[in-house]
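Reviewing the structure listed below.
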Amino acid sequence: MWKKANIILLLKPNKGKQQPSSYRPISLLSCLGKLLERIIKQRLLLELNARNILPQHQAGFRPKRSTMYNIVRIERYIKSQLHHPMKRRHAAASFFGIEAAFDSVWHEGLIYKFNDLRLPTYIIKYLISFLENRTATVELDNTLSRLFTLSSGTPQCSPLSPLLYIIYTSDLMNGIPPHTEHGLFADDTALWTSSHQLANLNNRLQQSINEFEKCCKAWKLKLQPIKTELVHFSIHPRKKYKNPVQVKVEDIIIQPATSTRYLGVIIDNRLSWRTHQKQVETRIAARLSLLRFLNRAAIEPNHNIMINLYKSLIRTVI
């Protein structure tokens, strides 16, 4: 019973109903099972942290880490290169998405990593049992599918799944050359580097991407070129270069963009944050209008309610 999931499909915003990729699967799992998973997760975290096993720059689903950790790292690195005291350098960053990341976890490969990390035997036995013989049904428009077996992936909405994914991908960056920095937040991955010359910058970034792609394929993960973004940072962003920076992912050429969204913020090629600020201002203005309407519509406005609405609608955007 604890290994059975009822998967409901939620339509993503502004997506067509006809495409399967337009839906986000949400697994409804046993509450008692999730309670046990939380206990195991805490014990597993204690073991991993005590032995310093988790990657240093993996900030996803870890205590005292957030999305800001890698955003600040990128900003500091790029600024230090663009305004280098000796000679200004070019910098570039590539941002990746992994296709069906959590659903693509190879069970045998994950179990191999449990043993390779020499986790406590009782934890390994539980985790193997946790992965084996899992079943699910899919519900859409009040119609239930037949029961089927899940042969790969980690269960959506399980407290253990994010940590298992981090363990599974803990060595993906081991082959990255030292001249390239990287940052991870679960499956959101970024690589960035710099050089005095554009040609060398391109070679450095492409070399790192090739190593990352090779490691992903070895563990049955696939990068999504359609979700890959490339940004060339420069103090002269409008300058037209004869040989602009471009990279290949899965044999598809990725051209540089003027900006990209990474971990909830918009990073532009000037690193000015103006695009992000404008978007935040627009969202706040719309929500403030709603608060004003509610305040005027109420016969006796409740200040505590308005403060709570402000915290949930406005603060979360800032």
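Anything over 32 Å Cα to Cα? Flag those among LYS64/LYS240; LYS79/LYS220; LYS15/LYS222; LYS17/LYS220, in the order listed. Over 32 Å apart, Cα to Cα: LYS64/LYS240; LYS79/LYS220.
Antiparallel beta bridges, as assigned by DSSP with both residues in the chain, represent about 80 percent of the total such bridges. Summing Cβ point charges (Lys, Arg +1; Asp, Glu -1) relative to the Cα centre of the range 275-315 gives a dipole of roughly 140 debye.
Which net charge results for the neighbourhood of SER22, defined as the other residues with beta-carbon distances under 11 angstrom from its beta-carbon, given Lys and Arg at +1 and Asp and Glu at -1? Result for the local shell: +4.
FRET efficiency for the pair ALA257 and GLU75, taken as 1/(1 + (r/R0)^6) with r the Cβ-Cβ distance and R0 = 25 Å, rounds to 0.90. If you take the Cα centroid of the range 34-54 and the Cα centroid of the range 203-228, the two points sit 29 Å apart. Using a simple spin-label model with pseudo-atoms 7 Å out from Cα toward Cβ, CYS157 and ILE111 lie 2.7 nm apart. Count charges around PHE114 for me, please; just the other residues with Cβ under 15 Å from its Cβ, Lys/Arg as +1, Asp/Glu as -1. For residues surrounding PHE114, the net value is +1. Separation of the range 105-135 and the range 239-305, taken as the distance between their Cα centroids, equals 40 angstrom.
Give me HIS236, HIS182, HIS57 sorted ascending by neighbouring Cβ count inside 10 Å, so fewest comes first. Kindly include the intermediate steps, with their values, before the conclusion.
Details: HIS236 9, HIS182 21, HIS57 16.
Placing the least packed residue first, the sequence is HIS236, HIS57, HIS182.
Put a dot 7 Å past the Cα of ALA218, heading toward its Cβ, do the same for LYS12, and the two dots end up 3.0 nm apart. Along the axis of the charge dipole computed for the chain (Cβ charges of +1 for Lys and Arg, -1 for Asp and Glu, origin at the Cα centre), the listed residues THR143, ALA257, SER208 are led at the positive end by ALA257. Here the peptides 158-165, 193-200 are ranked by packing, the mean other Cβ count within 10 Å, and the order with the highest first is 158-165, 193-200.
For the peptides 241-253, 208-220, 303-315, the ranking by packing is 208-220, 241-253, 303-315, with the highest mean count of neighbouring Cβ atoms within 10 Å listed first.
Ordering THR169, SER158, TYR122 by the projection of their Cα atoms onto the charge dipole of the range 104-174, which places +1 on the Cβ of Lys and Arg and -1 on the Cβ of Asp and Glu, puts TYR122 at the extreme positive end. The residue list HIS303, THR275, SER289 was ranked by how far each Cα lies along the charge dipole of the range 275-315 toward its positive end, using unit charges on Cβ atoms, and THR275 comes out on top.
All of the numbers you see were taken from the coordinates with simple rules; none came from a lab. Quick caveat: nothing in here was measured; it's all calculated off a predicted structure. Because the Cβ atoms are built from the backbone with ideal geometry, glycine has one as well, and the counts that use them run over all protein chains shown.
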